[in-house]
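Engineer: Sharing a structure below in structure tokens format, with a few things to ask.
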Amino acid sequence: MTRVLVVAKAPVPGLVKTRLARDIGPERAAEVAAASLLDTLAACADAVGPQQCHLSLAGDLDDAVHGERIRRRLADWWVTPQVGDGFAERLAHAHAEGPGPVVQVGMDTPQVTPALLLDVAAGLTEHPGVLGPAEDGGWWVLALRDPAAARVLAEVEMSTPTTYDDTRAALSAAGVPLGSAPVLRDVDTLADAEAVAAAAPETHFSHTWRAVTA
């Protein structure tokens with residue numbers, strides 16, 4: 001059975017969506033982050049069931065926007081704190097915490113659907129890994145038959161225009177040829193948020209975005 005792993009931050013004002021916060025303020029940015037996380041958690045649970053879902057969380061939901069609502073959504077999930085000095089190291093550790101195969105996403109693609117996650121998981125029947133590019137040069141999903149292969153992520157610089165290419169090269173060099181997934185757009189900026197809200201108008205993210213920018 002495939003494990004779905006979400007690596008995310010608690011939506012605490014001032015600590016999430018900092019680029020977006022420069023334009024709409026930290027409280028509104030945290031509202032948007034909470035909506036994005038809730039949509040992501042729902043898609044994952046709908047895809048494989050909450051018992052097969054794992055959240056690796058940075059931060060404290062006690063301080064988060066909609067913290068109690070997020071906790072309710074996490075009923076029957078496996079929740080662990082993030083461990084590691086940098087984001088790449090925390091990713092690698094989160095993969096290694098559970099069995100494979102694993103499909104890992106973040107909280108920046110609220111437009112993700114259960115069908116898309118299942119398609120990525122199905123790709124593991126043909127490839128030992130699947131990597132989905134993001135429009136900004138990063139990636140939005142990484143699926144691995146063997147979670148231990150994620151150890152190479154600790155050597156990859158994240159959040160750069162070449163992170164997708166660098167991740168692909170590192171995994172290939174480690175003997176993990178990759179299949180591909182569709183390109184998605186991460187939500188980091190005003191333009192990203194507008195585009196994703198328009199493309200996925202029925203999401204909680206879209207409704208929240210319209211409310212906070214009205």
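Engineer: Just checking: which of the helices (runs of 4 or more DSSP H) contained wholly in the range 1-86 hold 2 or more residues that are open to solvent by 70 Å² or more (accessible area, probe 1.4 Å) and within 20 Å of His204 (Cβ to Cβ)? Steps first, please.
Structural biologist: On the way: elements: 18-24, 26-48, 67-73.
Correct list: 26-48, 67-73.
Engineer: If we scan the range 190-210, do we find a residue that is farther than 30 Å from Ile24 by Cβ, touching a residue at least 60 places away in the same chain (Cβ under 8 Å) and not in a strand (DSSP E or B)?
Structural biologist: No; the residues of the range 190-210 include none that is farther than 30 Å from Ile24 by Cβ, touching a residue at least 60 places away in the same chain (Cβ under 8 Å) and not in a strand (DSSP E or B).
Yes/no per residue for (1) in contact with a strand residue (DSSP E or B) (Cβ under 7 Å, 6 or more places away or on another chain); (2) open to solvent by less than 10 Å² (accessible area, probe 1.4 Å); (3) under 24 Å from Met1 (Cα atoms):
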site: Val103; (1), (2), (3): yes, yes, yes
site: Leu117; (1), (2), (3): yes, yes, yes
site: Leu142; (1), (2), (3): yes, yes, yes
site: Thr160; (1), (2), (3): no, no, no
site: Thr163; (1), (2), (3): yes, yes, no
site: Gly175; (1), (2), (3): no, no, yes
site: Asp188; (1), (2), (3): no, no, no
site: Ala195; (1), (2), (3): no, no, no
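Engineer: If I ask for residues that are surrounded by fewer than 20 Cβ atoms within 10 Å (Cβ to Cβ) and in contact with a helix residue (DSSP H, G or I) (Cβ under 7 Å, 6 or more places away or on another chain), which ones from the range 87-98 would you list?
Structural biologist: Of everything in the range 87-98, those that are surrounded by fewer than 20 Cβ atoms within 10 Å (Cβ to Cβ) and in contact with a helix residue (DSSP H, G or I) (Cβ under 7 Å, 6 or more places away or on another chain) turn out to be Glu89, Ala96, Gly98.
Engineer: Could you check the range 8-56 and list, in sequence order, the residues that are over 26 Å from Ala214 (Cα atoms) and touching a Leu at 6+ places or on another chain (Cβ under 6 Å)?
Structural biologist: Correct list: Ala8, Ala47, His54.
Engineer: Could you give me the residue pairs with C-beta distances under 8 Å whose first residue belongs to the range 74-87 and is touching a residue at least 40 places away in the same chain (Cβ under 8 Å) and farther than 15 Å from Ala43 by Cα, whose second residue is among the hydroxyl-bearing types (Ser, Thr, Tyr) and surrounded by 13 or more Cβ atoms within 10 Å (Cβ to Cβ) wherever it lies, and which are 6+ apart or on separate chains?
Structural biologist: Gln82/Ser56
Engineer: Go over the candidates Pro147, Pro133 one by one and state the one that is out of contact with any Phe, Trp or Tyr (no Cβ under 8 Å at 6 or more places or on another chain), farther than 18 Å from Ala47 by Cα and buried (at least 20 other Cβ atoms within 10 Å of the Cβ). Steps first, please.
Structural biologist: Values: Pro133 fails: out of contact with any Phe, Trp or Tyr (no Cβ under 8 Å at 6 or more places or on another chain).
Answer to the selection: Pro147.
Engineer: Here's something else I'd like to know. If you go through the range 6-21 one residue at a time, do you hit one that is in contact with a Pro (Cβ under 6 Å, 6 or more places away or on another chain), within 24 Å of Ala154 (Cβ to Cβ), touching a residue at least 60 places away in the same chain (Cβ under 8 Å) and β-branched (Val, Ile, Thr)?
Structural biologist: First, pick out the residues of the range 6-21 that are in contact with a Pro (Cβ under 6 Å, 6 or more places away or on another chain): 13-14.
Next cut, within 24 Å of Ala154 (Cβ to Cβ) only: none.
There is no residue in the range 6-21 that is in contact with a Pro (Cβ under 6 Å, 6 or more places away or on another chain), within 24 Å of Ala154 (Cβ to Cβ), touching a residue at least 60 places away in the same chain (Cβ under 8 Å) and β-branched (Val, Ile, Thr).
Engineer: To continue, here is another question. Taking the range 133-160 only, how many residues are in contact (Cβ under 8 Å) with a residue 60 or more places away in the chain, of a type in the set (D, E, K, R) and not in a helix (DSSP H, G or I)?
Structural biologist: Here the count works out to 1.
Engineer: Touching a residue at least 12 places away in the same chain (Cβ under 8 Å), touching a strand residue (DSSP E or B) at 6+ places or on another chain (Cβ under 8 Å) and more than 25 Å from Ala200 (Cβ to Cβ), is that true of His95?
Structural biologist: yes
Engineer: Next question, about the same structure. Before we move on, is Ala122 within 21 Å of Ile24 (Cα to Cα), free of Cβ contacts under 8 Å to residues at least 60 places away in the same chain and not aromatic (Phe, Trp, Tyr)? Write out each step before concluding.
Structural biologist: Values: within 21 Å of Ile24 (Cα to Cα): no; free of Cβ contacts under 8 Å to residues at least 60 places away in the same chain: yes; not aromatic (Phe, Trp, Tyr): yes.
No: the conditions fail for Ala122.
Engineer: Mind listing whichever residues of the range 149-208 are more than 16 Å from the chain's Cα centre (by Cα) and acidic (Asp, Glu)?
Structural biologist: Glu155, Glu157, Asp165, Asp166, Glu194, Glu202
Engineer: Answer with yes or no whether Gly179 is modelled with pLDDT of 95 or more, small (Gly, Ala, Ser) and in a loop (DSSP other than H, G, I, E, B).
Structural biologist: The answer is no for Gly179.
The values are calculated or read from the model by the stated rules, or taken from the named source; none is laboratory data. Small disclaimer: the values here were computed from a predicted structure and weren't measured. Cβ sites come from the backbone with ideal geometry, for glycine too, and all protein chains shown count toward neighbours. We work out accessible area using only protein heavy atoms, side chains counted, and drop any ligands, DNA or RNA first. Shrake-Rupley method; radii C 1.70, N 1.55, O 1.52, S 1.80 Å.
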